[in-house]
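The structure under discussion appears below in the form of structure tokens.
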Amino acid sequence: MRAAAGFTVIIPARYASTRFPAKPLADIAGKPMVVRVCERAAKSGASAVHVATDDERIASAVRSHGHSALMTRAEHGSGTERIAEAAAALRLDDGDIVVNVQGDEPLIAPELITQVASLLRERDDAPVSTACHEIHDAAALANPNVVKVVLDARGYALYFSRSQIPYPRESTGRWYRHAGIYGYRVGFLKRYCTLAPSPLERTEALEQLRVLWHGYRIVVVVSQIGIAPGVDTPQDLEAVRRMHL
């Protein structure tokens, strides 16, 4: 089955989580969080939206709300590997574009998903796209859970880090927070799963560094609006519930 003109959204969602078990099923205003993500993704103009999961409870919840769910293996080491399996099951062509929207981003802007897909379509020398927005507070700069990205003159990522980059030794500057959304060409998704993990990836615990380590480009959308927070912990969930309501 070839995707229609446009792009496909695949949302990886697993049940097990050390910090927050069953997170995709957490209730937000009467619906599971992963369903809220599906609703946002469906407004992006995607040709199709699928949840890729390893748990029948998640699949059942998604389908009961009228969305598509694909069962994938439990042993994947990353969401990227999970969406690669889903893309293969959907028989998408190598040139098709898949956007990986995280299952814990219930407030994600549909426009951001569209931008990530559109930019990848425009830049045929990059197999991956992602997004960032400007950081304006010192606490975020110092927080290792806030991933930073530095860009070159054409908007390609030079590096991602949990540390403050660039370091302001003699002047002020601009800093950008990376948002965990990715666009992929399907052919590269297949290749990614064959690439060895990089030392940088292990050091920073950031899987996107594998792409740069092996010499591939990541083009980055700089969002002009703040990107809504995701849900990593029960405390984050309470904050998102207040924002949603």
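Just so you know, all these numbers are worked out from the coordinates, no wet-lab data involved. These figures come from a predicted structure and were not determined experimentally. Every residue, glycine as well, gets a Cβ built from its backbone with ideal geometry; the counts of neighbours run over all protein chains shown.
For the reader, a short list of remarks on this structure follows.
- Within the chain, longest stretch clear of exposed GluC sites (Glu not before Pro) (DSSP loop, no more than 13 other Cβ within 10 Å): 76-169
- Taking the charge dipole of the chain about its Cα centre, with +1 at Lys and Arg Cβ atoms and -1 at Asp and Glu Cβ atoms, the residue from A179, L200, L189 reaching farthest to the positive side is L189.
- Based on Cα contacts under 8 Å between residues 6+ apart, the chain shows a relative contact order of 22 percent.
- Only one residue of H133, A22, Q235 has its Cα farthest out toward the positive end of the dipole of the chain, where Lys and Arg carry +1 and Asp and Glu -1 on Cβ, and that residue is A22.
- Coil-residue trypsin sites (Lys or Arg not before Pro) of the range 1-90, DSSP, other Cβ within 10 Å capped at 16: R2, R19, K43, R73
- More than 25 Å apart - percent of Cα-Cα pairs taken over the range 8-244: 39
- Per-residue [θ]222 nm for the chain (sum of -39500 (n - 2.57) over DSSP H runs n ≥ 4, rounded to 500): -8500 deg cm²/dmol
- Count Lys and Arg as plus one, Asp and Glu as minus one, and take only other residues whose Cβ is under 15 Å from that of F160; the net charge is then +2.
- Net charge dipole size for the range 66-129 [Lys, Arg +1 and Asp, Glu -1 on Cβ; Debye, nearest 20]: 160
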